[in-house]
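A.B. asks: Sharing a structure, written as structure tokens. Questions coming.
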Number of protein chains: 2
Amino acid sequence: VHGSLESLLKDVRSLLERQRVVEALVARQTGPNQEILQTMTHRQHLAEIRTRLTSQHPADIAFVLESLPVEERSLVWSQIWPIKGSTVLLELGEKVRAGIVNSMPRDRLVELLQKIPGDDLPDLAATVPEDVLEEVYATLDSQSQDWLVSSIAYPADSVGALMSQKAVTARPEKTVREVIEDLRARSLPPALDTLYVIDSRHTLLGALSLTQILISNLDSAVRDIQAPATLAFTPHQEALEAVRAFERYDLRSAPVVDERARLLGYVTVDVVMDYARRKSGEEALRLAGLHGEEDLFAPLWASARNRWLWLGLNLVTALVASRVIGMFEQTISRLVALAALMPIVASIGGNTGNQTMALIVRTLATSPLPRSNAMHLLLKELRIALLNGLVWGGIMGILTIILYGSVPLGAVMSLSMTLNLLVAAAVGVLVPLLLDRLGFDPAQGSSVLLTFTTDSMGFLIFLGLASGFLL
Amino acid sequence: VHGSLESLLKDVRSLLERQRVVEALVARQTGPNQEILQTMTHRQHLAEIRTRLTSQHPADIAFVLESLPVEERSLVWSQIWPIKGSTVLLELGEKVRAGIVNSMPRDRLVELLQKIPGDDLPDLAATVPEDVLEEVYATLDSQSQDWLVSSIAYPADSVGALMSQKAVTARPEKTVREVIEDLRARSLPPALDTLYVIDSRHTLLGALSLTQILISNLDSAVRDIQAPATLAFTPHQEALEAVRAFERYDLRSAPVVDERARLLGYVTVDVVMDYARRKSGEEALRLAGLHGEEDLFAPLWASARNRWLWLGLNLVTALVASRVIGMFEQTISRLVALAALMPIVASIGGNTGNQTMALIVRTLATSPLPRSNAMHLLLKELRIALLNGLVWGGIMGILTIILYGSVPLGAVMSLSMTLNLLVAAAVGVLVPLLLDRLGFDPAQGSSVLLTFTTDSMGFLIFLGLASGFLL
């Protein structure tokens with residue numbers, strides 16, 4: 001699969017390069033032939049790119065676009081969009097899509113958006129300028145208009161935002177034969193696996209898998225062969241709950257109902273999987289203090305700014321830690337070995353605290369953490385910290401004695417490491433748990449708070465003990 | 001969904017507690033009634049737990065087991081396993097499963113494993129003692145034996161390890177009517193969506209979706225309505241490639257073939273999704289230097305040891321950084337402000353390097369990174385580092401001048417920050433890329449190398465510049 005993607009990208013790149021060379025050559029020509037030459041070579045290689053790309057899967061075209069610098073990206077897009085624009089647009093990452101949407105002339109964009117099925121339009125809403133969206137909205141049929149309005153209203157991380165409309169349904173009194181006839185008469189979604197059984201008021205009564213239809217007698221009534229719809233989501237549930245349920249119960253699709261159990265739509269495994277992968281990717285980036293995915297070819301300023309909030313925060317916390325050290329300048333000037341040893345205490349604290357935090361964030365991401373287990377976790381992490389403090393703090397203490405020939409300095413080193421490991425464990429458990437309880441994302445901001453505490457406390461504990469016991 | 005899981009766990013917990021209280025009371029009784037009392041209350045609450053749990057989905061039972069401390073876990077397991085052991089075992093996390101398997105008497109374990117379908121047995125192989133596995137193997141039919149042997153042979157992160165056997169197949173010359181009759185006669189996998197069309201030598205010819213079967217004329221031949229099998233995996237492909245393809249093309253299942261295009265089995269979206277989620281979870285933990293998932297109730301020693309490799313490494317790198325500072329003790333003793341400022345330089349480098357690294361690891365996880373783009377990324381990150389160095393290093397320089405009243409010290413601060421940001425950007429890009437090119441996991445070990453470099457280089461640059469220009 002990937003070999004072919006790489007070679008596709010390579011082909012496109014070399015065609016772009018040839019086009020560039022040819023155009024540069026023609027531009028240098030003068031005389032009567034120039035115009036003829038220009039006509040002959042005009043975008044010849046671009047046409048080849050079009051031919052090569054349009055036969056590909058939209059997701060692969062999107063990959064090629066995302067792998068190209070902005071200028072070449074828009075050149076390729078200009079070739080692609082009249083033919084496959086509507087499907088490719090849906091496959092693009094949000095940042096790249098926004099860039100492409102913004103670069104298109106308004107009337108072309110409207111034309112393109114009108115080709116996108118009403119079911120998919122809400123996915124694009126966030127990246128399309130409001131006035132353009134309004135113009136497209138006006139041309140939709142009333143059902144698609146309702147869908148667009150209600151979909152946009154669901155919060156980004158709700159089940160509603162993942163929902164597809166137009167579930168394939170069946171009535172309980174119909175026979176299998178009638179259901180099959182119905183199916184033949186209508187256009188079906190690409191990966192249909194289940195029909196939802198509803199009554200005349202759209203109340204969800206059960207589910208009917210295609211397998212069940214195939215192996216049932218043609219004269220059976222739907223109500224006699226349907227399975228109960230044991231699991232249904234509501235649109236305001238957190239999307240993460242859907243992810244957990246799809247994983248836990250190996251679902252392919254699941255119905256979404258309103259508070260009166262009326263069928264609103266359904267969620268499919270591909271959408272849930274995309275969401276889960278995007279989220280876990282964002283989580284990894286957020287742990288490092290980034291806002292989210294970044295277009296590889298985003299302008300320098302945009303990329304730099306993505307990191308500034310974190311850098312600024314980091315600078316503030318580093319300054320505070322620095323002031324803690326500043327408080328002990330007298331102590332350090334009398335025993336300069338402290339300056340060399342103090343970063344070890346801070347660094348060990350930061351690193352083990354990060355381990356603890358990663359475990360907690362992970363546990364929270366896969367399943368709910370009962371309150372009693374949270375207490376258990378805290379005690380356990382504290383015990384591990386104590387154990388590690390005694391073992392590794394002890395080793396470090398001995399090394400300090402060997403290096404500096406001072407037993408009291410070694411003892412202060414051991415004790416400070418143990419204490420800072422305890423601080424790190426407590427912060428590593430409590431901060432993500434607290435953020436989670438308060439309804440925040442436990443990944444967001446935990447690590448800046450952690451480093452702040454382990455650095456400042458590490459310096460404070462070590463230099464404090466040193467000035468108390470050694471001077 | 002989750003409310004009910006939490007309350008299920010709560011019920012089980014309170015039943016366990018009641019059982020404990022009753023048994024303690026009975027144990028304190030003396031006299032003739034003791035025996036009668038014992039018989040009456042014997043495991044009464046445990047039986048209730050059994051009733052409450054066995055009606056639940058195996059994945060939910062697994063959740064309850066994973067949320068209980070080891071002793072209570074085995075008490076509950078003793079109630080569950082004779083009824084639902086084989087399905088629950090498959091749903092448990094690897095660490096918890098290993099604990100349960102090890103705690104069971106050997107003959108009971110063999111009895112339990114014999115109930116597990118041959119298709120699922122390879123998933124358990126890693127957690128079962130070899131001699132037990134051999135005993136179970138001997139009781140399998142020859143097809144399941146072959147499957148077990150060949151499945152175990154596939155590497156853990158290959159498509160082969162995710163593969164299911166017994167794909168539902170159809171011959172090209174059959175009619176739809178015959179295919180449906182076939183389907184009715186056999187037992188079908190839970191979420192069947194596609195039949196694979198094969199010839200008499202098992203060569204994969206195409207795919208036939210259930211939807212297609214349903215909407216086709218009963219007299220059509222399979223070969224006339226089948227879709228080409230455009231995407232097929234081989235068992236030795238990396239599992240990550242399957243993850244990418246399933247995401248990219250929204251697949252529900254895909255065939256696996258050998259080098260002669262003969263159908264070996266198939267991969268389903270639930271297995272791929274589980275794998276992807278497990279991997280991204282492990283990635284997050286590995287970035288923090290942990291081996292992988294940890295049983296919440298694992299013994300203290302096991303949990304502590306999970307962190308030791310990292311702690312040890314961290315101690316070594318911190319020691320090296322500390323020796324770098326040690327080289328400049330003279331400098332520091334003459335200008336003690338350096339001791340307070342130097343951690344800022346190291347910390348800013350470490351944090352921005354981590355941002356860069358997180359971006360690269362993420363990019364590598366979702367799609368291949370063409371070589372030319374890697375170069376682009378490096379240059380871009382260096383430019384961002386330079387920009388950030390000028391901006392934030394400038395701010396920090398001014399703060400230093402204000403705090404310490406020394407312009408040269410401020411200049412040294414700015415310059416060191418800029419240089420260390422450049423080091424961090426280079427290491428943040430190159431280390432994960434290099435690890436990836438060499439075939440290692442880019443998440444593993446990147447961050448320890450990064451912190452090592454940014455700390456040591458941060459101290460070296462800052463103190464080196466300071467001793468050169470300020471003294």
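Just so it is clear, none of the values below were taken in a lab; they were calculated from the coordinates. Given the structure is predicted, the values throughout are model-derived calculations rather than measurements. Ideal geometry is used to build each Cβ from the backbone, glycine not excepted, and the neighbour counts take in all protein chains shown.
A.B. asks: What is the magnitude of the charge dipole of segment B:164-210 about its Cα centre, with +1 placed on the Cβ of each Lys and Arg, -1 on the Cβ of each Asp and Glu, and no other charges, expressed in debye to the nearest 20?
C.D. replies: That gives segment B:164-210 a dipole magnitude of about 100 debye.
A.B. asks: What FRET efficiency comes out for residue B:149 versus residue A:327 if R0 is 60 angstrom and r is the Cβ-Cβ distance? Round to the nearest 0.05.
C.D. replies: Between residue B:149 and residue A:327 the formula returns 0.35.
A.B. asks: Starting from one equal scatterer on each C-alpha and no solvent at all, send me the Debye-based log10 I(q)/I(0) for segment B:177-327 at q = 0.20 Å⁻¹, two decimals.
C.D. replies: The calculated log intensity ratios at q = 0.20 Å⁻¹ are -1.24.
A.B. asks: Dividing the alpha-carbon Rg of segment A:388-440 by 2.2 N^0.38 Å yields what?
C.D. replies: For segment A:388-440, the normalised Cα radius of gyration comes out at 1.58.
A.B. asks: Setting aside same-chain residues fewer than 8 positions from residue B:279, which lysines have a Cα under 16 Å from its Cα?
C.D. replies: Once the sequence-local lysines are set aside, what remains near residue B:279 is A:279, B:95.
A.B. asks: Along each principal axis of its Cα atoms, how long is segment B:348-398 end to end? Whole angstroms, biggest number first, please.
C.D. replies: 43, 19, 10
A.B. asks: Please name whichever of B:92, B:448, B:54 sits farthest to the positive end of the charge dipole of chain B, dipole taken about the Cα centre and charges placed at Cβ: Lys and Arg +1, Asp and Glu -1.
C.D. replies: B:448
A.B. asks: While we're on this one: Averaged over peptide B:276-286, how many Cβ atoms belonging to another chain are found within 10 Å of each residue's Cβ?
C.D. replies: 5
A.B. asks: Continuing with the same structure: Quick one: Cα centre-to-centre distance for segment A:366-398 and segment A:295-361, in angstrom?
C.D. replies: If you average the Cα positions of each part, the centres end up 22 Å apart.
A.B. asks: Now for a different question. With a ≥ b ≥ c taken as the square roots of the eigenvalues of the C-alpha gyration tensor of segment A:66-112, please select rounded if a/c is under 1.5 and otherwise prolate if a/b is larger than b/c or oblate if it is not?
C.D. replies: Because its axes are fairly even, with a/c under 1.5, segment A:66-112 counts as rounded.
A.B. asks: Any idea what the residue B:440 label distances to the other copies are, label 7 Å down the Cα→Cβ vector, nm, shortest first?
C.D. replies: Here residue B:440 shows inter-copy label distances of 3.5 nm.
A.B. asks: Okay, next question. If you take the alpha carbon radius of gyration of the protein assembly as shown and divide it by 2.2 N^0.38 Å, what ratio comes out, to two decimals?
C.D. replies: 1.07
A.B. asks: Lysines within cross-link reach of residue A:84: Cα-Cα under 19 Å, excluding same-chain residues under 8 positions apart?
C.D. replies: Hits, sequence-local ones excluded: A:115.
A.B. asks: For residue B:230 paired with residue A:184, estimate the spin-label separation in nm (one decimal), with each label point 7 Å from Cα along the Cα-to-Cβ line.
C.D. replies: Output for this residue pair reads 2.8 nm.
A.B. asks: A further question on this structure: Under a Cβ-only charge scheme (Lys and Arg +1, Asp and Glu -1), can you give me the dipole magnitude of segment A:44-139 about the Cα centre, in debye to the nearest 20?
C.D. replies: Magnitude of the dipole: close to 380 debye.
A.B. asks: A further question on this structure: Can you list the copy-to-copy distances for residue A:156, using a point 7 angstrom from Cα toward Cβ, in nanometres, shortest first?
C.D. replies: Relative to the other copies, residue A:156 has label-point distances of 3.5 nm.
A.B. asks: Now for a separate question. Give the cross-link partners of residue A:174 among the aspartates and glutamates, using a straight C-alpha distance below 14 Å as the criterion and excluding same-chain residues fewer than 8 apart.
C.D. replies: Answer for residue A:174, where 14 Å is the Cα cut-off: A:182, A:199, A:219, A:224, listed by chain and number.
A.B. asks: Is segment A:66-172 rounded, prolate or oblate when judged by the Cα gyration tensor, a ≥ b ≥ c being the square roots of its eigenvalues, rounded requiring a/c under 1.5 and prolate requiring a/b larger than b/c?
C.D. replies: In terms of gyration-tensor shape, prolate.
A.B. asks: What average number of partner chain Cβ atoms lie no more than 10 Å from the Cβ of the residues making up A:245-252?
C.D. replies: 6
A.B. asks: Also, I was wondering about something else. So for segment B:398-471, considering every pair of alpha-carbon atoms, how many percent are separated by more than 21 Å?
C.D. replies: Here the long-distance tail beyond 21 Å is 40 percent of all Cα pairs in segment B:398-471.
A.B. asks: At R0 = 60 Å, how high is the FRET efficiency between residue A:376 and residue A:36 if r is their beta carbon distance? Nearest 0.05 is fine.
C.D. replies: In this case the efficiency is close to 0.15.
A.B. asks: OK, next. Any idea what the dipole of segment B:116-272 comes to, in debye rounded to 20, about its Cα centre with Lys/Arg Cβ at +1 and Asp/Glu Cβ at -1?
C.D. replies: 760 debye
A.B. asks: Let me ask another. State, to one decimal in nm and shortest first, how far the label point of residue A:333 sits from each corresponding label point in the other identical copies (label point: 7 angstrom along Cα-to-Cβ).
C.D. replies: Those label-point separations list as 1.4 nm.
A.B. asks: Taking chain B, how much of its Cα-Cα pair set, in percent, is spaced more than 34 angstrom apart?
C.D. replies: Percent of Cα pairs beyond 34 Å in chain B: 56.
A.B. asks: Once R0 is set to 60 Å, what does the formula 1/(1 + (r/R0)^6) return for the Cβ-Cβ distance between residue A:111 and residue B:107, expressed as a FRET efficiency to the nearest 0.05?
C.D. replies: 0.25
A.B. asks: To continue, here is another question. Report the convex hull volume per residue for segment A:22-116, counting only C-alpha atoms, in Å³.
C.D. replies: It is 110 Å³ per residue.
A.B. asks: Turning to a different aspect of this structure: Can you give the average number of partner chain beta-carbon atoms within 10 Å of each beta-carbon in peptide A:353-359, as a whole number?
C.D. replies: That average works out to 6.
A.B. asks: Counting only complete DSSP H runs, which helices of chain A cover 30 Å or more along their long axis at the Cα atoms and score a mean Kyte-Doolittle of 1.6 or above?
C.D. replies: A:407-437
A.B. asks: What is the order of A:78, B:253, fewest Cβ neighbours within 10 Å to most?
C.D. replies: The order, fewest Cβ neighbours first, is A:78, B:253.
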